[in-house]
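Engineer: Sending over a structure as structure tokens; questions will come in a sec.
The values are calculated or read from the model by the stated rules, or taken from the named source; none is laboratory data. Computed from a predicted model, the values in this text were never measured in an experiment. Backbone-built Cβ (ideal geometry, glycine too); neighbour counts: all protein chains shown.
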Amino acid sequence: MDRHGLTDADLIELANDDEFQKIFASDPELDRLEAEQYDERKEFFALNWMLGLAPVSIGRLPILHPLTPAKLAFLWGIKNAYALDGTCTPKDADIFLFVLAHDLRDLGCTVPELPAKAAGYTAATGLSFQAVHEEISFLIAVSFLPLQLLPRTTDDRPPRYDVEWLAELVSIVSKESGETASYIMHEMSLTAASAYVVSARKAVDFKHEVRHRVPKEIAAEIMDRTYALGRAYLDKKRT
């Protein structure tokens, strides 16, 4: 494997450099690669949501409904950080949990009233905000788990769960599943919708690029990313 010109001495220096270790620990690309590795809990939840067996709980708060395409689009539209890959706050968690617990067509409040209506949902779990944040992040990861089969792209633009995204998703899933647009948007789990998108891609995947990546591939990319980070850090440090 290409070590990006790093010597054994360089690697020892990096291993003992606190600043580099902070960069290494917070690198989003490494986090993404780690998330691609097989996770039995994620696979179990994804299967449950594909089968329509959604009920789970976060602490003491029951989660009776899955994250749906419509709910994700709505959260993106109101700029909730969980739909924007932004810095999340307890207020974001309250609103996410409130939306998850209700039918969008019957929220019982207007958008400006949402923060007040949702206040206390994080506290109702009985868990710390950090624990709730990790559980919400897990639910979102499960929702997109099937998409890991798709080939990687170089598009690093932030996601847009807008009208165009929702319409395209519904169109693809409707053709694959035979379900109505209303059912797909408001009742089908985003996990199931993502799986149908992958199924549609497989049907025209003549290069066999839609597939599970083997652990060796992911491990090699993690090492390559680590070496690249180390090389860039040392070059900057020594100039």
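Engineer: For the range 102-119, give me the residue count where each residue is surrounded by 13 or more Cβ atoms within 10 Å (Cβ to Cβ) and assigned to a loop (DSSP other than H, G, I, E, B). Before the answer, list the steps.
Structural biologist: In the first step, residues of the range 102-119 are kept if they are surrounded by 13 or more Cβ atoms within 10 Å (Cβ to Cβ); the result is 102-104, 107, 109, 114-115, 117-119.
Then keep just the ones that are assigned to a loop (DSSP other than H, G, I, E, B); that gives 102-103, 107, 109, 119.
So the count comes out to 5.
Engineer: Six or more apart or on different chains, Cβ atoms under 6 Å: show the pairs whose first residue is in the range 91-115 and among the small types (Gly, Ala, Ser) and whose second is crowded, with 24+ Cβ neighbours inside 10 Å and in a helix (DSSP H, G or I).
Structural biologist: Listed by first residue and then by second, the contacts come to ALA93/VAL132.
Engineer: Then there is this: For the range 43-55, enumerate the residues that are surrounded by 12 or more Cβ atoms within 10 Å (Cβ to Cβ) and free of Cβ contacts under 8 Å to residues at least 40 places away in the same chain.
Structural biologist: Start the filter on the range 43-55 by keeping residues that are surrounded by 12 or more Cβ atoms within 10 Å (Cβ to Cβ), which leaves 43, 45-50, 53-54.
Within the range 43-55, LEU47, ASN48, LEU53 meet the criteria.
Engineer: Let me ask something else about it. Consider LEU67 against the criteria (1) surrounded by 11 or more Cβ atoms within 10 Å (Cβ to Cβ); (2) more than 14 Å from the chain's Cα centre (by Cα); (3) modelled with pLDDT of 90 or more: it satisfies all of them except one. Which criterion is unmet?
Structural biologist: (2)
Engineer: Does at least one position in the range 208-229 carry a residue that is in contact with a His (Cβ under 6 Å, 6 or more places away or on another chain) and modelled with pLDDT under 95?
Structural biologist: Filtering the range 208-229 down to residues in contact with a His (Cβ under 6 Å, 6 or more places away or on another chain) leaves 227-228.
Retained after the next criterion (residues that are modelled with pLDDT under 95): 227-228.
Yes: one or more hits.
Engineer: Something else now. Output the number of the condition that GLY86 fails; it satisfies all remaining conditions of (1) in contact (Cβ under 8 Å) with a residue 24 or more places away in the chain; (2) in contact with an Asp or Glu (Cβ under 9 Å, 6 or more places away or on another chain).
Structural biologist: The single condition GLY86 does not satisfy is (1).
Engineer: Considering the range 26-50 alone, what residues qualify as being modelled with pLDDT under 80 and either among the polar types (S, T, N, Q) or not in a helix (DSSP H, G or I) (or both)?
Structural biologist: GLN37, TYR38, ASP39, ASN48
Engineer: How many residues does the range 198-207 hold that are at pLDDT 85 or above and among the aliphatic types (A, V, I, L, M)?
Structural biologist: 2
Engineer: Go through the range 158-187 and report how many residues are in a helix (DSSP H, G or I) and not hydroxyl-bearing (Ser, Thr, Tyr).
Structural biologist: Residues that pass the stated criteria total 16.
Engineer: Looking at the range 124-143, is at least one residue more than 21 Å from PHE45 (Cα to Cα), crowded, with 19+ Cβ neighbours inside 10 Å, in contact with a helix residue (DSSP H, G or I) (Cβ under 9 Å, 6 or more places away or on another chain) and not small (Gly, Ala, Ser)?
Structural biologist: No, because not a single residue in the range 124-143 is more than 21 Å from PHE45 (Cα to Cα), crowded, with 19+ Cβ neighbours inside 10 Å, in contact with a helix residue (DSSP H, G or I) (Cβ under 9 Å, 6 or more places away or on another chain) and not small (Gly, Ala, Ser).
Engineer: Out of (1) exposed (fewer than 15 other Cβ atoms within 10 Å of the Cβ); (2) within 28 Å of ALA195 (Cβ to Cβ); (3) at pLDDT 95 or above, what's the single condition that is false for THR153?
Structural biologist: (3)
Engineer: Go through (1) among the aliphatic types (A, V, I, L, M); (2) free of Cβ contacts under 8 Å to residues at least 60 places away in the same chain; (3) more than 20 Å from PRO159 (Cα to Cα) one by one and return the number of the condition ILE78 breaks.
Structural biologist: Tallying (1) among the aliphatic types (A, V, I, L, M); (2) free of Cβ contacts under 8 Å to residues at least 60 places away in the same chain; (3) more than 20 Å from PRO159 (Cα to Cα), ILE78 fails exactly one: (3).
Engineer: Scan the range 147-157 and give yes if some residue there is under 21 Å from PHE74 (Cβ atoms) and in a helix (DSSP H, G or I), otherwise no.
Structural biologist: So far as the range 147-157 goes, yes, one or more of its residues are under 21 Å from PHE74 (Cβ atoms) and in a helix (DSSP H, G or I).
Engineer: Could you figure out which of (1) under 17 Å from GLU134 (Cα atoms); (2) in contact with a helix residue (DSSP H, G or I) (Cβ under 7 Å, 6 or more places away or on another chain); (3) not acidic (Asp, Glu) isn't true of ARG105?
Structural biologist: Condition not satisfied by ARG105: (1).
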